[in-house]
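Down below is the structure, laid out as structure tokens.
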Amino acid sequence: MDEKIKVYDEKMAKSVEHLESDYQGIRAGRANPHVLDKIKVDYYGTPTPLQQVGNISVPEPRMIQIAPWEKSLIKEIEKAIMTSDLGITPSNDGAVIRLVFPELTEERRKDLTKDVKKKAEDCKVAIRNIRRDGIDAFKKLSKTDEISEDQISDLEDELQKLTDKYVKDIDKLADDKSKEIMTV
């Protein structure tokens, strides 16, 4: 692959990776510890990822259990979960915190599917913006006479193929996530 194209390939790959990590945070009726990835707990004045202050497990399909390393953190963890956009009220027994995920309603599943499609569309826009930046950069190269018109045309074709490939990947990710959400 041409060095000039490689830069844009990496940027597009990062956009798709970001979409995948976003999709991991969308719950599909089953308890998924990744929904807690973005939650930070105040640990002695420092915002710390939840995974670093306790053991997270999934004892049942619709329950996540958090066992903090220090019992004094239970209140802080509960507070962090309550202020997050998770929409689940934690319960604790003094030793562990439990998050029980309710069964998703048909309406909620459809809303989540719309959210999946919106995130996919946003990612496609990012990919297209990267393509546009690439084409602009190639045109600047042609003005400085570093490369010929034919070479620029070839680079633009290669960049378009790359864009098409990533858009196809995004569509597949969105379809897979939507199917996962709609499966009861």
(request) Would you point out the residue of segment 51-61, among those that are within 22 Å of the chain's Cα centre (by Cα) and under 18 Å from Asp93 (Cβ atoms), that is most open to solvent (accessible area, probe 1.4 Å)? (result) Val58
(message) I'd like to check something: does segment 28-40 contain any residue that is more than 30 Å from Asp122 (Cα to Cα) and in contact (Cβ under 8 Å) with a residue 12 or more places away in the chain?
(response) no
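Conditions tested, residue by residue: (1) farther than 30 Å from Asp169 by Cβ; (2) touching a helix residue (DSSP H, G or I) at 6+ places or on another chain (Cβ under 6 Å).
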residue: Lys6; (1), (2): no, no
residue: Ile39; (1), (2): no, yes
residue: Thr46; (1), (2): yes, no
residue: Trp69; (1), (2): yes, no
(request) Could you check Val100 against (1) under 30 Å from Lys161 (Cβ atoms); (2) among the β-branched types (Val, Ile, Thr); (3) open to solvent by 60 Å² or more (accessible area, probe 1.4 Å) and say which number it fails? (result) (1)
(request) Keeping to segment 123-151, report how many residues are without any contact (Cβ under 8 Å) to a residue 40 or more places away in the chain and under 30 Å from Ala174 (Cα atoms). (result) 6
(message) Show the residue pairs meeting these rules: Cβ distance below 9 Å; 6+ apart or different chains; first residue within segment 85-107 and farther than 18 Å from Arg62 by Cβ; second residue part of a helix (DSSP H, G or I) and open to solvent by 80 Å² or more (accessible area, probe 1.4 Å).
(response) Gly94/Lys71; Ala95/Lys71
(message) Just checking: which of the strands (runs of 3 or more DSSP E) contained wholly in segment 1-117 hold 1 or more residues that are of a type in the set (Ser, Thr, Tyr)?
(response) 40-43, 46-49, 54-60
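In this structure, does Lys124 turn out to be farther than 15 Å from Ile5 by Cα and in contact with an Asp or Glu (Cβ under 6 Å, 6 or more places away or on another chain)?
Numbers: farther than 15 Å from Ile5 by Cα: yes; in contact with an Asp or Glu (Cβ under 6 Å, 6 or more places away or on another chain): no.
Criteria not met by Lys124.
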(message) Condition (residue is touching a helix residue (DSSP H, G or I) at 6+ places or on another chain (Cβ under 7 Å), of a type outside the set (Phe, Trp, Tyr) and open to solvent by 30 Å² or more (accessible area, probe 1.4 Å)) applied to segment 105-117: is it met by at least one residue?
(response) yes
(message) Looking only at segment 77-99, how many residues end up being over 22 Å from the mean Cα position of the chain (by Cα), among the charged types (D, E, K, R) and within 15 Å of Lys38 (Cα to Cα)?
(response) 2
(message) Under 6 Å between Cβ atoms, which residue pairs at least 6 apart in sequence (or on different chains) link something in segment 152-175 that is touching a residue at least 12 places away in the same chain (Cβ under 8 Å) with a partner that is in a helix (DSSP H, G or I) and of a type in the set (S, T, N, Q)?
(response) Ile152/Ser142
(request) Determine, yes or no, whether Ser72 is of a type in the set (Ser, Thr, Tyr), in contact with a strand residue (DSSP E or B) (Cβ under 6 Å, 6 or more places away or on another chain) and more than 19 Å from Leu112 (Cβ to Cβ). (result) no
(request) Would you mind stating whether Ile74 is without any contact (Cβ under 8 Å) to a residue 24 or more places away in the chain and surrounded by 13 or more Cβ atoms within 10 Å (Cβ to Cβ)? (result) yes
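The values are calculated or read from the model by the stated rules, or taken from the named source; none is laboratory data. The structure displayed is predicted, hence computed values, not measured ones. Backbone-built Cβ (ideal geometry, glycine too); neighbour counts: all protein chains shown. Surface areas here come from the heavy atoms of the whole protein model, side chains and all, with no ligands, DNA or RNA. Shrake-Rupley method; radii C 1.70, N 1.55, O 1.52, S 1.80 Å.
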